[in-house]
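None of the figures in this text is laboratory data; all of them are computed from the coordinates on show. Keep in mind that what you see is a predicted model, and the values were worked out from it rather than measured. When we count neighbours, we look across all protein chains shown, and the Cβ atoms used for this are built from the backbone with ideal geometry, even at glycine.
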Amino acid sequence: MAEKKRRIFFLDNLKAFTVCLMIVFHVALCYMAYAPEWWYTVDKADPQFSFTVFVMWADIFIMPVMFFVSGYFGLMSLSKQTAMQFWKNKLVRIIVPWIAGVVLFAPPITFIMFASRGIPMDYVNDYLFKLFLFGPCFSHVQYWFLGMLTYLYAALFIFCRLRPGFRERQPISLPGAKLFVGFAALCYVCTAGAYFYTGGNNDLWTFIWPVLVYQPTRIAFYPLYFFLGAYAWRHQWFVEGGYRADSAKWLPAFIVTGIAYVFYTMFGAQTAGSSETYMLVRSAIHVLFLLSAVFGLLAIFQSKLDYTNGFLGELAANSYNMYYTHMGLVMLIAWGFLGIELPAYAKYAAVSILSLLASYLTGKMLMVLPCFASGKKAKEQTKA
């Protein structure tokens with residue numbers, strides 16, 4: 001039981017929380033002021049600036065948390081499995097769902113962008129071939145994460161082939177200031193370069209057709225936090241006697257840097273001496289906010305939620321499936337509320353609750369498929 005606790009509980013709870021946050025975050029995009037024109041369903045009846053602030057804040061750390069947890073468990077599984085077992089598991093769990101999501105679900109989900117606005121369009125001729133497959137609307141929707149994970153698992157596998165000792169767990173080692181400063185500095189160099197590359201557009205999406213969809217200003221964070229998670233497992237950060245993120249340090253940093261990031265994003269360009277200065281400062285705040293957010297959340301969950309029960313176990317077991325199913329459900333439910341006269345906050349609450357429930361229920365139904373059954377198996381092992 002001790003090993004299961006070290007391996008599963010607070011990180012699985014953090015992952016489940018992050019997926020639920022992702023769902024309500026995607027709902028908020030439908031009601032925010034200045035919503036992206038390409039967003040699938042946009043309700044312009046009563047846009048709220050508070051949702052813009054929430055989106056701006058949560059958007060920074062959701063995915064790096066997911067990559068950190070994936071890296072932690074990724075090296076754990078690689079250390080315990082043969083190469084064949086490892087890749088068989090990833091094929092079933094990650095690669096097949098990624099390809100299926102891009103081929104089967106991404107086109108109709110992206111089509112909601114036109115359908116929810118009442119734009120008449122022939123799905124096959126006008127949309128699928130001209131705009132989606134070979135045009136500007138090509139997207140992996142939320143399944144880009146699975147594609148990126150595939151490449152990162154391949155990079156981890158190759159790295160462990162070149163350095164087999166990396167698969168072996170080391171004696172407990174606590175991270176010091178040098179690790180955090182060096183990691184933040186590396187993140188800053190990559191992020192500042194990406195900001196200059198995009199002209200300061202932190203929200204830009206681009207793709208390498210058809211295999212990769214990413215945001216240039218964030219793409220460096222994915223491997224960095226993934227391999228930081230693998231490093232954490234290798235050095236036994238979260239075992240008894242290992243590293244515990246200090247809430248007294250990380251939570252104030254999380255709050256202060258979060259406020260600073262939102263404030264500077266909104267008003268920094270007006271006060272900075274030049275666009276170059278603005279991008280350099282914003283990149284620094286971005287990096288510090290992200291680092292504080294990841295370790296602040298680790299601190300909260302390790303100190304307060306390092307256990308399981310019926311509710312948490314069910315949610316953790318189903319979190320991957322909820323992630324997989326949620327985007328289309330969110331957009332359809334928000335679309336259904338477009339013609340209903342309610343304040344934006346009431347709509348947001350209703351759509352969020354319905355989206356969480358719909359994602360949970362469809363995720364439970366997906367557990368009959370081999371690609372989505374591992375959460376159920378993990379829950380049964382935890383009970384045992």
J(HN,Hα) series, the range 163-168, from Karplus relation 6.51 cos²θ - 1.76 cosθ + 1.60, nearest Hz, glycine and proline x: 10, x, x, 5, 6, 8
Residues ILE333, ILE95 arranged by fewest to most Cβ contacts within 10 Å: ILE95, ILE333
Two-decimal Rg/Rh across the range 111-260, once Rg and the Kirkwood Rh are taken from alpha-carbon atoms: 1.08
Matching label, Rg and Dmax of the Cα atoms in Å computed from the structure shown, candidates (1) 22.1, 77; (2) 19.9, 63; (3) 20.9, 62: (3)
Within the range 77-178, chymotrypsin sites (Phe, Trp or Tyr not before Pro) in DSSP loop having at most 12 other beta-carbon neighbours inside 10 Å: PHE134
Entries in LYS90/LYS347; LYS15/LYS249; LYS15/LYS80; LYS249/LYS304; LYS15/LYS90; LYS90/LYS364 that, when Cα-Cα distance is taken, lie over 27 Å: LYS90/LYS347
Placed amide H near LEU212: partners under 5 Å, 5+ positions off or other chain: none
Rel. contact order, % - alpha carbon contacts under 8 angstrom, at least six apart, the range 65-307: 26 percent
Cα gyration tensor, the range 309-350 - rounded (a/c under 1.5), prolate or oblate: oblate
Equivalent ellipsoid, the range 312-377 (semi-axes from 5 times Cα gyration tensor eigenvalues, Å): 28, 11, 7
Packing rank of 285-298, 192-205, 50-63, where each peptide gets the mean count of other beta carbons within 10 Å, highest leading: 285-298, 50-63, 192-205
The range 283-384, relative contact order in percent, only Cα pairs under 8 angstrom and at least six apart counted: 36 percent
All aspartates and glutamates inside 19 Å of LYS44 as judged from Cα atoms, apart from same-chain residues fewer than 8 positions distant: GLU341
Relative intensity, log₁₀ I(q)/I(0), of the range 267-342 from a Debye sum that treats every alpha carbon as a point, q = 0.11, 0.25 Å⁻¹: -0.67, -1.06
Estimated FRET transfer efficiency (ILE353, ILE219; beta-carbon r; R0 25 Å; 0.05): 0.15
